[in-house]
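Quick notes on the structure that follows.
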Amino acid sequence: MKKIMLSLFIAFVFNACSVNNDNMDVDCGANTELAFTGFPLPCNYSIKTLPNNPAALVASSQEKMDLYFTKHENTCSSPTDPNIDFTKNYLVGIFAGAKPTGGYAIKMTSIVENNCEIIINFYEKGPIAGENLTQATTYPSDFILIPKTSKPILFNRTTESSDNIKIGSYFGSCSGTDCQKFYQLNDYNILKFLNVVSGSYNFDQYKYTTTTKRNEYTLFLKNVPTEILGLNGQTKIYGSPDAADQGGIYFELTQGSVVTKVYIDNNDTADQSDAIKVFKNAVKAKITSLN
């Protein structure tokens, strides 16, 4: 497997080399999955120097965080915890470099480790036809927390689709830690969003944990009724979700640049067709299986 090793850099000094372990006479053992947590860094930090070229960094201490980033008050609509316990975790950031417009993204998708190294898989996307683009230079990036390690970190570029499905159940009056259950189904992994605030569904502002599982998006898409697929970028509400503390079901479908959102009353209401009721139950069952 071809991999790219990105140096841990200071002031975005960046070196890269191509490594092919198939040609190395070293037994690194089998690869095993390594858990990581998504970290919404832009909510509480700004980057001091935006890299014009592809780069990566690992912040292993608060001193390194202060070197790379400037801390500021939370700019996201929901509270976020900016603190990192560096006795347990390191922050990893990856940068695509300067891009001429919006519509570009870079995303870390899964991690494996062996006795020799840690390998972080990532993909990049470019603008999609019909997408409303920011007409200014952008600097795509992604940030995660990984367990503290002394192993070298390598990055493996993959090809993935950014199409995804988000599903959730919510109860606005519930104050427990597990009242809001939200997940993202990709074809490369499943995200579980943490501490989601009811009614605040910009998921870029939340930490998440991951499970590596292939084709979850494609498989669940088969459950989506034609009635919802036909909305094609619209938002629709069935019934009055959570109006009487009965809670609701959330569904969001991203296909290319088109984002469709649906809110469904937990109670069966007159505007819910049989197909919508079946789909609502399919969402509930999926959430239960993931919880």
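The values are calculated or read from the model by the stated rules, or taken from the named source; none is laboratory data. Computed from a predicted model, the values in this text were never measured in an experiment. FYI the Cβ positions are ideal-geometry reconstructions off the backbone, even for glycines, and counts take in every protein chain you see. The protein model used for the area step is the full one, side chains on, heavy atoms only, and it has no ligands, DNA or RNA in it. Shrake-Rupley method; radii C 1.70, N 1.55, O 1.52, S 1.80 Å.
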Margin query: Please list, ordered by chain and number, the residues whose modelled amide H lies under 5 Å from the amide H of Lys236; skip anything fewer than 5 residues away on the same chain.
Written below: Lys261, Val262, Tyr263
Item checked: Max mean-square fluctuation residue, GNM over the chain, Cα-Cα springs under 10 Å, options Gln205, Gln135, Gln184 -> Gln135
Next item on the list: Find how much the distance from Gln62 to Cys174 grows on full extension, using 0.36 nm per residue of separation minus their present alpha carbon separation; answer in nm with one decimal.
Entry: 36.8 nm
Margin query: Give me a comma-separated list of calculated 3J(HN,Hα) values for segment 145-159, in order, Karplus coefficients 6.51, -1.76, 1.60 applied at θ = phi - 60°, integers in Hz, x for any Gly or Pro.
Written below: 10, 10, x, 3, 8, 10, 7, x, 10, 10, 10, 10, 6, 10, 10
Check: So which of Lys125/Lys192; Lys213/Lys236; Lys181/Lys207; Lys166/Lys286 end up more than 20 Å apart, counting from Cα to Cα?
Finding: Lys125/Lys192; Lys213/Lys236
Checklist line | Residues Val259 and Ser150, FRET efficiency given R0 of 41 Å [Cβ-Cβ distance, rounded to 0.05] | finding: 0.50
Item checked: Share of carbon and sulfur in the accessible heavy-atom surface of segment 125-271 [1.4 Å probe, %] -> 46 percent
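Scanning the chain for trypsin sites (Lys or Arg not before Pro) in DSSP loops with at most 10 other Cβ atoms within 10 Å, what's the longest stretch left with none?
Result for the longest clean stretch: 89-221.
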Check: How much accessible area per residue does the chain have, in Å², with a 1.4 Å probe?
Finding: 49 Å²
Notebook entry, point to check: Stokes-Einstein at 10 °C, 1.306 mPa s, Kirkwood radius from Cα pairs: D for segment 150-253 in µm² s⁻¹?
Noted result: 102 µm²/s
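Quick one: what do you get for the chain if you divide its Cα Rg by 2.2 N^0.38 Å?
Taking N as the residue count of the chain, the ratio is 1.08.
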Checklist line | Normalised contact order of segment 192-279, rounded percent, pairs of Cα under 8 Å and 6 or more residues apart | finding: 25 percent
Check: Top mean-square fluctuation among Val278, Val26, Val58, Gaussian network model of the chain, C-alpha springs under 10 Å?
Finding: Val26
Check: Where is the GNM fluctuation largest for the chain (alpha-carbon springs, 10 angstrom cutoff): Asn114, Asn89, Asn189?
Finding: Asn114
Checklist line | Loop GluC sites (Glu not before Pro), segment 97-134 (other Cβ atoms within 10 Å of the site Cβ: 16 or fewer; DSSP) | finding: Glu131
Check: Could you name the aspartates and glutamates in cross-link range of Lys151, using Cα to Cα under 16 Å and dropping any fewer than eight places away on the same chain?
Finding: Asp27, Glu33, Glu113, Glu117
